[in-house]
Amino acid sequence: MSTLADIAQTLITKQKGILAGDQPDWHLAERLKAHDITAGDNTYRDWCNLLFSTPNLSDDVSGIIMHPQATELSTEDGKSLVDVIIDNGIYPGISPSTGLVPLAGAEGEVVGEGLDGLRDRFAKYAEMGVKFSKWRTAIRIGDGIPSEYAISANAYVLAQFAALSQEAGIVPIVEPEVELLGDHTVETCFEVTEWLLKRTFEALYLHRVELEGTLLKANMVVSGKDCPTQADVETVADLTVNVLKRTVPPAIPGVVFLSGGQADDKATAHLNAMNANYDTPWALTFSYARALQRKPLEAWQDKADKFSAGQDALKHRAHMNALASVGEWSEDLEK
Ligand code: 13P
């Protein structure tokens, strides 16, 4: 097995998942503002440190995705945040995209930006000890969209990112997300997800990406946020496993889901239903940002004396989702 495949296998270690901690500072500030808290000079550093240094997090978490900003920061004692993750027994990952920008000639559609200079940035991250990377593209469902153009353009960006990541010895996680926003039905989400995943794997093939050393970060097949009829847990699990079976080669070691704005308990229940009821050729686990960070942020509120309360809340959500990744979660365990 190549090093890339070894890293990918470690990331999908049984009963573990990934913490997406790759929000930039302004994003954290916005989330705190919703709780009437104004972020200070060290808030971003302290939040990342809280997440990354949570005691025993490695029982449930195999990897943590960082924003490039976090790789430049150190704790008060002068330890780099990358080393905080490594010393916690967890693989550090990087999210090197510079964000989503309007796709020229495609009103209402976006494309991921940040490929320029990526080879050099990956070399720098590899030197720091970064083991994996993640790139998100977002496909919106709306009036007349998505277009084949947007789907293909994003698939190509993901594939170029993945090829560059592997060249640096860093395992890529490709994240072609169908967004939750909109009033579309669960069936429409299924169709668009199938289309997007087909194009993504075609592009990975054309770009000579080694599938054994790649993970897929997928959306679950859910009803649009504003759809009057919301699919139940069993339907979401069934359609999600089915769309993956139609599109994802068994050579991919694992699918790690985004939470996409789902409620915390829904993200956990959906993952659990898939693992409890279906046999799949790939591991199915979590790579949540909001569904892991929402509760810890409420508990912490940027207060030094609530640091460990934030860590306890993270540990709890990570553990619930680790159980869901083997189909052993139940609502009673939440109490
Ligand atoms: P959510 O789980 O909040 O959708 O985030 C996933 C992600 O990839 C963040 O980078």
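The values are calculated or read from the model by the stated rules, or taken from the named source; none is laboratory data. Here the structure is a predicted model, which is why all the values come from computation and not from measurement. In this analysis, Cβ positions are derived from the backbone assuming ideal geometry, glycine residues included, and neighbour counts consider all displayed protein chains. Please note that ligands, DNA and RNA were not included when accessible areas were found on the heavy atoms of the full protein model with its side chains. Shrake-Rupley method; radii C 1.70, N 1.55, O 1.52, S 1.80 Å.
Brief remarks follow.
- Looking across region 48-85 at every residue that is away from the ligand (no atom under 16 Å from the Cβ) and assigned to a strand (DSSP E or B), the one that is surrounded by the most Cβ atoms within 10 Å (Cβ to Cβ) is identified as 80.
- Where a residue in region 246-269 is under 19 Å from residue 294 (Cα atoms) and its partner, wherever it lies, is among the β-branched types (Val, Ile, Thr) and open to solvent by 30 Å² or more (accessible area, probe 1.4 Å), with Cβ under 8 Å and at least six apart: 266/233; 269/233
- Looking across 223, 152, one residue alone is at pLDDT 95 or above, hydroxyl-bearing (Ser, Thr, Tyr) and open to solvent by less than 10 Å² (accessible area, probe 1.4 Å). It is 223.
- Some residue of region 208-216 being surrounded by fewer than 22 Cβ atoms within 10 Å (Cβ to Cβ), on the phi > 0 side of the Ramachandran plot and among the basic types (Lys, Arg): yes
- Extreme residue, farthest from residue 190 (Cα to Cα), among residues of region 124-149 that are assigned to a strand (DSSP E or B) and open to solvent by 20 Å² or more (accessible area, probe 1.4 Å): 136
- Whenever a residue of region 17-35 is modelled with pLDDT under 95, its partners that are more than 10 Å from the ligand (Cβ to nearest atom), lying with C-beta atoms within less than 8 angstrom and at least six residues away or across chains, give the pairs 35/297; 35/298; 35/301.
- Count - residues of region 205-230 that are in contact with a strand residue (DSSP E or B) (Cβ under 7 Å, 6 or more places away or on another chain) and not in a loop (DSSP other than H, G, I, E, B): 5
- Pick from region 91-116, criterion in a loop (DSSP other than H, G, I, E, B), open to solvent by 50 Å² or more (accessible area, probe 1.4 Å) and out of contact with any Asp or Glu (no Cβ under 6 Å at 6 or more places or on another chain), ranking: farthest from residue 199 (Cα to Cα): 116
- Only one entry in 237, 267 is within 16 Å of the ligand (Cβ to nearest atom), buried (at least 22 other Cβ atoms within 10 Å of the Cβ), part of a helix (DSSP H, G or I) and among the aliphatic types (A, V, I, L, M), namely 267.
- Test: residue 9 is on the phi > 0 side of the Ramachandran plot and of a type in the set (S, T, N, Q): no
- Candidate set from region 186-196 (those that are away from the ligand (no atom under 16 Å from the Cβ) and over 23 Å from residue 291 (Cα atoms)); member that is surrounded by the fewest Cβ atoms within 10 Å (Cβ to Cβ): 187
- Members of region 270-293 found to be away from the ligand (no atom under 13 Å from the Cβ) and assigned to a loop (DSSP other than H, G, I, E, B), listed by number: 278, 279, 280, 281, 282
- Extreme residue, farthest from the ligand (Cβ to nearest atom), among residues of region 294-330 that are of a type in the set (S, T, N, Q) and closer than 21 Å to residue 216 by Cα: 325
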